[in-house]
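Take a look at the following structure, please.
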Amino acid sequence: MLFLEQQQELNATLQKVVNEHKKKVMSIERENLGKIHSLKSARESVILRLEERHLQEKYQLFHHQVVEQNTLQRQQLRKRHEKEMERLKHYQSILLEELKNQQQQERSRAQKSQRVEARKRQAMFKERLKSQAMSVSEQKERNKQFQQQEAARQKEETQKQQQRQEQELQKFKEHLEETFKELTQIQEEKLRTLQEQETKKLQRLEAEHSMEAEQWKERLRLSKEKLDSELACRQHQIADTGKQLHKDHDKRFSWFSPS
C-alpha cells in the first residue's frame, strides 16, 4: 500500500514536471513562432514598401520624361516656326518690292507711250487742220480743245492704270497675309497635336501606374494572408503536438495508477 502511494506521488511529481516542461517548450515555440512571424512580416513589409516606392518613383520619372520631352518639342517647334516666319516675311518683302518696282516700270513705260502717242495724235490733228479752211484763231481754239481732250484722256488712262495697280497690290498683300495666316494655323495645329499626344501619354501612364498599384495592393493582401495562414497552421501544429505529448505521457504512467 505504501509502495503504491509512493508510486502515485512520484507519478504526480513526474506529471507536474512534464506538464511544466511541456508548457515551457510550447511557450518557447509560440514565442519563437511569433518572432519568426514578426520578422517575416517585417521583411515582406520592407520588400513591398520598396516595391511601392519603386512604382511611385518610376511613375514620377516617366511622367517627368513625358512632360520634359513634349516641352522640348514645343520649344523646338516654336523656334522652327519663328525662323520660318522670318524667312517668309523676308521672302514676301522681296516679292512685294519686286511688284512695286514692276508697277513703277509699267507706269514709266505707260507715260513714255502716252507722250509718243500724244505727239502722233497731235501731228495727225494738225495735218487735218491744215486741210480745212480755218482762220488762225479757229485753228488755235481747235488745237486748244484737242490738247485739253488729250490731257483728260491721258489722265483717265493714268487713273485707270493706278487703280488697277492698287487693286493688284492689295490682292497680292492679301495673298501674302493669307499665306502668313496659313503658316500660323499649321503651327497652332502642330502645337495642339503635341498637346494631345502629351495628354494621351500621361493618361496611359496614369492608367498603367494605377494598374500596377492595384497589383501591388493585391500582392500585399496575399502576402499578409499567407503569413497569417502559416502562423495559424503552425500554432495549430504546436497545439496538436502538445496534446499528443500529454496523451503519450498519460499512457506511459498509467501503469502506476491503482487498478
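The values are calculated or read from the model by the stated rules, or taken from the named source; none is laboratory data. Keep in mind the model is a prediction, meaning the values are calculated, not measured. Cβ sites come from the backbone with ideal geometry, for glycine too, and all protein chains shown count toward neighbours.
Modelled with pLDDT of 80 or more, of a type in the set (A, V, I, L, M) and surrounded by 10 or more Cβ atoms within 10 Å (Cβ to Cβ): which single residue out of LEU72, LEU14, LEU10 fits that description?
Details: LEU14 fails: modelled with pLDDT of 80 or more; LEU10 fails: modelled with pLDDT of 80 or more.
Just a single option satisfies the conditions, and that option is LEU72.
Sort out which residues of the range 47-59 are among the hydrophobic types (A, V, I, L, M, F, W, C), modelled with pLDDT of 80 or more and within 14 Å of LYS224 (Cβ to Cβ), and write them in order of number. Give the derivation first.
Filtering the range 47-59 down to residues among the hydrophobic types (A, V, I, L, M, F, W, C) leaves 47-48, 50, 55.
From what's left, modelled with pLDDT of 80 or more: 47, 50, 55.
Across the range 47-59, the qualifying residue is only ILE47.
Give the range 120-137 a look and list any residue that's more than 14 Å from GLN148 (Cα to Cα) and not polar (S, T, N, Q), or say none. Before you say what the answer is, go through the steps one by one.
Filtering the range 120-137 down to residues more than 14 Å from GLN148 (Cα to Cα) leaves 120, 123-124, 126-137.
Across the range 120-137, the qualifying residues are LYS120, ALA123, MET124, LYS126, GLU127, ARG128, LEU129, LYS130, ALA133, MET134, VAL136.
Just one of LYS22, LYS79, LYS16 is over 30 Å from GLU218 (Cβ atoms), touching a Gly at 6+ places or on another chain (Cβ under 7 Å) and part of a helix (DSSP H, G or I); which is it?
Numbers: LYS79 fails: touching a Gly at 6+ places or on another chain (Cβ under 7 Å); LYS16 fails: touching a Gly at 6+ places or on another chain (Cβ under 7 Å).
On inspection, the qualifying residue turns out to be LYS22.
Now a separate question. Would you check if LEU55 is touching a His at 6+ places or on another chain (Cβ under 8 Å), surrounded by 12 or more Cβ atoms within 10 Å (Cβ to Cβ) and not β-branched (Val, Ile, Thr)?
Values: touching a His at 6+ places or on another chain (Cβ under 8 Å): yes; surrounded by 12 or more Cβ atoms within 10 Å (Cβ to Cβ): yes; not β-branched (Val, Ile, Thr): yes.
Spelling it out, LEU55 is indeed touching a His at 6+ places or on another chain (Cβ under 8 Å), surrounded by 12 or more Cβ atoms within 10 Å (Cβ to Cβ) and not β-branched (Val, Ile, Thr).
Conditions tested, residue by residue: (1) loosely packed, with under 12 Cβ neighbours inside 10 Å; (2) in contact with a Phe, Trp or Tyr (Cβ under 6 Å, 6 or more places away or on another chain); (3) of a type in the set (S, T, N, Q); (4) without any contact (Cβ under 8 Å) to a residue 60 or more places away in the chain.
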{"site": "GLU31", "(1), (2), (3), (4)": "yes, no, no, yes"}
{"site": "LEU39", "(1), (2), (3), (4)": "yes, no, no, yes"}
{"site": "VAL46", "(1), (2), (3), (4)": "yes, no, no, yes"}
{"site": "GLU84", "(1), (2), (3), (4)": "no, no, no, no"}
{"site": "TYR91", "(1), (2), (3), (4)": "no, no, no, yes"}
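Among the listed residues THR179, THR193, identify the single one that is in a helix (DSSP H, G or I) and either touching a residue at least 40 places away in the same chain (Cβ under 8 Å) or exposed (fewer than 10 other Cβ atoms within 10 Å of the Cβ) (or both).
Values: THR193 fails: either touching a residue at least 40 places away in the same chain (Cβ under 8 Å) or exposed (fewer than 10 other Cβ atoms within 10 Å of the Cβ) (or both).
THR179 is the lone residue from the list that is in a helix (DSSP H, G or I) and either touching a residue at least 40 places away in the same chain (Cβ under 8 Å) or exposed (fewer than 10 other Cβ atoms within 10 Å of the Cβ) (or both).
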